[in-house]
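Enquirer: Before we start, here is the structure in question, set down as structure tokens.
The values are calculated or read from the model by the stated rules, or taken from the named source; none is laboratory data. Small disclaimer: the values here were computed from a predicted structure and weren't measured. Don't worry about glycine lacking a Cβ; one is built from the backbone with ideal geometry, like all the others, and counts go over all protein chains shown. When the accessible area is computed, the model is the full protein with side chains, heavy atoms only, and any ligands, DNA or RNA have been set aside. Shrake-Rupley method; radii C 1.70, N 1.55, O 1.52, S 1.80 Å.
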Amino acid sequence: MNSLAALKAAATALVTLTALAAPATATAHQKTAATLRCRVQTVPGHPITFSPKLTLRTRTVKVSGTFELTGCVWSDGTASRLRMGTGTATGTGRASCGGASGISGSGTIKWYDRSGRPAGTSTLKPTLTSVNTYNPGDSLLAGKITGGPLSGHRTAGSVTPTSDVTPCAGRGLGSVHGTGTFRVLG
């Protein structure tokens, strides 16, 4: 398998986890036209993990990870109370280096204000049920906030692997780091 196929596998894995995490980009803002944009990345030293490792063979895989949200701002310039967060997400799906289906899971985000004080917790659920394409820069990450700040809002985003994904084609991919952008759709 070439490095493009391995990159596809890592992007699929990131999309799977991020679909679980995507709703976490909410704040206590009720505008319907504006979009909240946050930077997201895996926590240094704590990558997204896969058990068993992703390989060329499709099988049930558990994915879990911790991520950071920073620099959250509204597209219309409205002040946002929630500026950063730390989230965790877990899920399962039928996955391989080339795609995933039957994705289910959940997650939480602990939000903090600009001073670093706790500002609420969001619960989230993925709405993306399959990933069968390679496009790490533009892969839509869809979810719904089911509790806490901005409950009921939907999210979208993109993420790109930042660690080596070529092991997927050989011994398997057990973990991956990534970075990208999440948006809460008002």
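Enquirer: Only residues that are open to solvent by less than 40 Å² (accessible area, probe 1.4 Å) and closer than 15 Å to THR88 by Cβ: list them for the stretch 101-129, please.
Expert: GLY105, GLY107, ILE109, TRP111, SER122, LEU124, PRO126
Enquirer: From PRO167, PRO149, grab the single residue that is open to solvent by less than 30 Å² (accessible area, probe 1.4 Å), part of a helix (DSSP H, G or I) and modelled with pLDDT of 80 or more.
Expert: Details: PRO149 fails: part of a helix (DSSP H, G or I).
Unique residue meeting the criteria: PRO167.
Enquirer: Checking SER80 against (1) under 18 Å from THR155 (Cβ atoms); (2) assigned to a strand (DSSP E or B): exactly one of these is not met. Which one?
Expert: Unmet condition: (2).
Enquirer: So, in the stretch 37-75, exactly how many residues are surrounded by 17 or more Cβ atoms within 10 Å (Cβ to Cβ) and not in a strand (DSSP E or B)?
Expert: Residues in the stretch 37-75 being surrounded by 17 or more Cβ atoms within 10 Å (Cβ to Cβ) and not in a strand (DSSP E or B): 2 in total.
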